[in-house]
1. In nm, what is the difference between 0.36 nm times the number of residues separating residue 182 and residue 80 and their Cα-Cα distance?
2. Scattering from the C-alpha atoms of the chain alone, worked out with Debye: what is log10 I(q)/I(0) at q = 0.07, 0.10 1/Å?
3. Could you tell me the largest-minus-smallest coordinate of the C-alpha atoms of segment 204-264 on each of the three principal axes, in descending order and whole angstroms?
4. Nearest 10 degrees is fine. How inclined is helix 146-155 to the longest principal axis of the chain, computing both from alpha carbons?
5. With a 10 Å cut-off between alpha carbons and a GNM built on the chain, which of 26, 53, 127 moves the most?
6. Among 233, 247, rank each residue by its count of other Cβ atoms within 10 Å, from fewest to most, as a rough exposure measure.
7. Counting only DSSP beta bridges with both residues in the chain, what percent are antiparallel, rounded to the nearest 5?
8. Ranked by Cβ crowding within 10 angstrom, fewest neighbours first, how are 82, 5, 54 ordered?
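Read the figures in this text as sums done on the coordinates, not as results from a lab. On a predicted model such as this, the values are computed, not experimentally measured, just so you know. Here the Cβ positions follow ideal geometry from the backbone for every residue, glycine too, while neighbour counts run over all protein chains shown.
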């Protein structure tokens, strides 16, 4: 595999974590540039690399550039990067929702654009790198170096998929649905138990095994075979009782999610009669 030296623009959680992950796996990292010199110095020390005070020096000493800034800054950073000599450079960002097209007219500069997104909640800039090998990596961009990036992350132990720029937004919606939006559902569950007299801490302690083993079952058996509960067994009475005790603002969410898993239940139990549930939920 060809040897590529990676430089980072932006020294937040993603920059810290990805740079440390690559460096710990003997991938050459040139260092960090950031408008906050304190941040770039801290990242350089953490990764045992170099702090760059000039953007042009980082680019000169790197074959590939990761722009690890907030999403709303990527285009502005690119506008600065493209003013510099970047011929044959690989310009990457780590946004889940933005495609490589944010690098407007990159072909005119002789460079290659990519979005490389770890499907992983990077919450701690000092420790998240330790678990990045478990992240699934999606790659989108110019075909010339796609194979290199796929090989790189596969060798590091990551699952890898190549997606098209047209699917980038839908892909990100999938990620948000099973991570951020699920947090909202868990928060609702905790709130309901608090109304039953649980403390927040005890509520989470009680719910966590249910969440954990449900995810384990989904991984091992898939969503269809893991489905249980009142919708799956066609228990209209319990569904009605639930809706009777929920706050008004939560009832529509409960109904929508119930209609969704009813579709799964009908796949799982082809012979079961769900007519009463369908009528009640408005299927």
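1. Values: separation 102, 0.36 × 102 = 36.72 nm, distance 3.75 nm.
Between residue 182 and residue 80, full extension yields an extra 33.0 nm.
2. For the chain at q = 0.07, 0.10 Å⁻¹, log10 I(q)/I(0) is -0.37, -0.67.
3. 34, 29, 17
4. 70
5. 26
6. Values: 233 13, 247 10.
The fewest-first ordering by Cβ neighbours comes to 247, 233.
7. Numbers: 6 of 29 bridges.
Taking every DSSP beta bridge within the chain, about 20 percent pair in antiparallel fashion.
8. Numbers: 82 16, 5 13, 54 9.
Placing the least packed residue first, the sequence is 54, 5, 82.
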